[in-house]
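Report on one structure; see the data block that follows.
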Amino acid sequence: PGAGAGAGATFPLGGFGAELSATFVVTVDDLRRALADHEIEVHYQPKIDCASGRLAGFEALVRWRHPLRGLVSPGGFVRVAEEGGVIDALTDRVLDLSLPWFGRSFPGPAGAGAVQALQVEGAVSLSVNISARSLRDMQLADRIDARCAAAGIAPSRLILELTETSAMEDPVASLDLLTRLRMKGFQLSIDDFGTGFSSMLQLVRLPFSEMKVDRSFVMTLNRSQESRAVVRSVVELGHSLGLRCTAEGVEDERALDYLRQVGCDLAQGYLIGRPMPAAEIPGWLARRRSGRRGFAH
Ligand code: C2E
Ligand code: MG
Ligand code: MG
Ligand code: MG
């Protein structure tokens, strides 16, 4: 269902303001072609430990390098992939592209720099976003497991991020699949926490290990008393449930200070680093060592 016409999405292109923006429609056929033509890429955004400033890991964020439209963000095509039935292929592609950087079996010299740089940093984690649609796919756990093994990565270093709303769409099916993933040793993270209207009682029964405070709260920390209250409470809730807390959307030093003050474990955001191609990781690590903002030194 949903293949071909009808499974499209229209969204603004460019972001330079109304005069220069245009819209285009993405269909599932475009996506199939993009996968076949290797136009799908992964960018990596770092995550640091709030207290020490140490690198904790990277989140893999999918991008589409369109020959005419340039770099397209996931907001424009992940939904089309979900509705058109190619989300599994997309998830598999993201894993195939990202796992080798973090494992010991990267084949070619092209990426040697990033791999070496990461190895110097030690066993950092890799976070991958999993769509709600995949939560009914009982083969998912085996496919991820096989890919991790092939890349030589311990499952505990892979963090699977699921949005709060996706995990709650079908809590019974989720519990089944999430338990399966957890038993294989993967870590599970609740993404965009605070934006859904979940039943706490059902949510806390799912076997998560991390909670990511949604960036809408984190980005407004400096100007909103309410956001500060939400972030403080969410961190406390997460910790009481035995979860590690990550704040996403950390854009300035003041926000990071507040997060340290309330005991948030990890931070991710433009202050620390933007999503970047793997080839830029060594440069980012070098700049970070020379003591840029946002890092303890
Ligand atoms: P997410 O998982 O919550 O990822 C965080 C998003 O916030 C990313 O947007 C990231 O670029 C952006 N971000 C990070 N730090 C900052 C900051 O300091 N300020 C601001 N304004 N934004 C920040 P992106 O890459 O456009 O991804 C959007 C969403 O698309 C992701 O949200 C995730 O839900 C989804 N997504 C990304 N990659 C994949 C994928 O491989 N598979 C699936 N199923 N979904 C994906
Ligand atoms: Mg995420
Ligand atoms: Mg998120
Ligand atoms: Mg988000």
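The values are calculated or read from the model by the stated rules, or taken from the named source; none is laboratory data. Owing to the predicted nature of the structure, the values given are computational and were not obtained by experimental measurement. All Cβ positions, even for glycine, are placed from backbone atoms using ideal geometry, and neighbour counts span all protein chains on display.
Answer yes if at least one residue in region 245-268 is under 30 Å from Arg143 (Cβ atoms) and of a type in the set (Val, Ile, Thr), and no otherwise.
Checking region 245-268: at least one residue is under 30 Å from Arg143 (Cβ atoms) and of a type in the set (Val, Ile, Thr).
Does region 260-279 hold any residues that are assigned to a loop (DSSP other than H, G, I, E, B), farther than 15 Å from Phe58 by Cβ and out of contact with any Lys or Arg (no Cβ under 8 Å at 6 or more places or on another chain), and which are they?
To start, the set of residues in region 260-279 that are assigned to a loop (DSSP other than H, G, I, E, B) comprises 262-265, 269-275, 277.
Still in the running and farther than 15 Å from Phe58 by Cβ: 262-265, 271.
Of everything in region 260-279, those that are assigned to a loop (DSSP other than H, G, I, E, B), farther than 15 Å from Phe58 by Cβ and out of contact with any Lys or Arg (no Cβ under 8 Å at 6 or more places or on another chain) turn out to be Gly263, Cys264.
Which residue is farthest from Ala247 (Cα to Cα), if the candidates are limited to region 46-96 and must be assigned to a loop (DSSP other than H, G, I, E, B) and among the basic types (Lys, Arg)? Explain how you work it out, then say what you get.
Filtering region 46-96 down to residues assigned to a loop (DSSP other than H, G, I, E, B) leaves 50-54, 67-69, 73, 77, 85-86.
Now drop any that are not among the basic types (Lys, Arg), which leaves 54, 69.
Values: Arg54: 15, Arg69: 31 Å.
Checked region 46-96; the qualifying residue farthest from Ala247 (Cα to Cα) is Arg69.
Go through the residues of region 251-259 one by one and say whether even a single one is in contact (Cβ under 8 Å) with a residue 60 or more places away in the chain, away from ligand 2 (no atom under 16 Å from the Cβ) and assigned to a helix (DSSP H, G or I).
Quick first cut of region 251-259, residues in contact (Cβ under 8 Å) with a residue 60 or more places away in the chain only: 256, 259.
Going one step further and asking which of them are away from ligand 2 (no atom under 16 Å from the Cβ), we end up with 256, 259.
Imposing the further condition that a residue be assigned to a helix (DSSP H, G or I) reduces the set to 256, 259.
For region 251-259, residues in contact (Cβ under 8 Å) with a residue 60 or more places away in the chain, away from ligand 2 (no atom under 16 Å from the Cβ) and assigned to a helix (DSSP H, G or I): present.
Considering region 137-147 alone, what residues qualify as being part of a helix (DSSP H, G or I), in contact (Cβ under 8 Å) with a residue 24 or more places away in the chain and over 23 Å from Met211 (Cβ atoms)?
Filtering region 137-147 down to residues part of a helix (DSSP H, G or I) leaves 140-147.
Filter again for in contact (Cβ under 8 Å) with a residue 24 or more places away in the chain, leaving 140-141, 143-145, 147.
The answer is Arg143, Asp145, Arg147.
Could you figure out which of (1) more than 16 Å from ligand 2 (Cβ to nearest atom); (2) touching a strand residue (DSSP E or B) at 6+ places or on another chain (Cβ under 9 Å); (3) outside any loop (DSSP other than H, G, I, E, B) isn't true of Pro282?
(2)
Which residue out of Gly273, Gly269 is surrounded by 20 or more Cβ atoms within 10 Å (Cβ to Cβ), touching an Asp or Glu at 6+ places or on another chain (Cβ under 8 Å) and closer than 21 Å to Gly53 by Cβ? Give the steps one after another, and end with the answer.
Numbers: Gly273 fails: touching an Asp or Glu at 6+ places or on another chain (Cβ under 8 Å).
Going through Gly273, Gly269 in turn, the sole match is Gly269.
Within region 192-208, work out how many residues are closer than 16 Å to Gly242 by Cα and within 16 Å of ligand 1 (Cβ to nearest atom).
2
Looking at this structure, is Ile87 aliphatic (A, V, I, L, M), over 20 Å from Gly273 (Cα atoms), in contact (Cβ under 8 Å) with a residue 24 or more places away in the chain and out of contact with any strand residue (DSSP E or B) (no Cβ under 9 Å at 6 or more places or on another chain)? Don't jump to the end; show me each part of the working.
Details: aliphatic (A, V, I, L, M): yes; over 20 Å from Gly273 (Cα atoms): yes; in contact (Cβ under 8 Å) with a residue 24 or more places away in the chain: yes; out of contact with any strand residue (DSSP E or B) (no Cβ under 9 Å at 6 or more places or on another chain): yes.
Yes, satisfied.
In this structure, is Thr165 among the polar types (S, T, N, Q), surrounded by fewer than 22 Cβ atoms within 10 Å (Cβ to Cβ), free of Cβ contacts under 8 Å to residues at least 60 places away in the same chain and within 18 Å of Asn129 (Cβ to Cβ)?
Answer is yes for this residue.
Here is a check on your reading of the model: is Arg69 charged (D, E, K, R) and either at positive phi or crowded, with 18+ Cβ neighbours inside 10 Å (or both)?
Spelling it out, it is not the case that Arg69 is charged (D, E, K, R) and either at positive phi or crowded, with 18+ Cβ neighbours inside 10 Å (or both).
Across region 207-250, which residue is nearest to Lys184 (Cα to Cα) among those that are in contact (Cβ under 8 Å) with a residue 12 or more places away in the chain, polar (S, T, N, Q) and surrounded by fewer than 21 Cβ atoms within 10 Å (Cβ to Cβ)?
Top of the filtered list is Ser209.
Residue check: is Ala60 out of contact with any Asp or Glu (no Cβ under 9 Å at 6 or more places or on another chain), under 30 Å from Val262 (Cα atoms) and modelled with pLDDT of 95 or more?
On the way: out of contact with any Asp or Glu (no Cβ under 9 Å at 6 or more places or on another chain): yes; under 30 Å from Val262 (Cα atoms): yes; modelled with pLDDT of 95 or more: yes.
So Ala60 passes the test.
Could you run through region 91-132 and say how many residues are closer than 30 Å to Pro171 by Cβ and at pLDDT below 85?
1
Check whether at least one residue in region 177-190 is within 16 Å of ligand 4 (Cβ to nearest atom), in contact (Cβ under 8 Å) with a residue 12 or more places away in the chain and β-branched (Val, Ile, Thr), and report yes or no.
Yes, there is a match, as at least one residue in region 177-190 is within 16 Å of ligand 4 (Cβ to nearest atom), in contact (Cβ under 8 Å) with a residue 12 or more places away in the chain and β-branched (Val, Ile, Thr).
Being surrounded by 18 or more Cβ atoms within 10 Å (Cβ to Cβ) and under 18 Å from the mean Cα position of the chain (by Cα) is the filter here; which residues of region 183-199 pass it? I'd like the intermediate steps shown before the answer.
Quick first cut of region 183-199, residues surrounded by 18 or more Cβ atoms within 10 Å (Cβ to Cβ) only: 186-194, 198.
Residues satisfying the conditions are Phe186, Gln187, Leu188, Ser189, Ile190, Asp191, Asp192, Phe193, Gly194.
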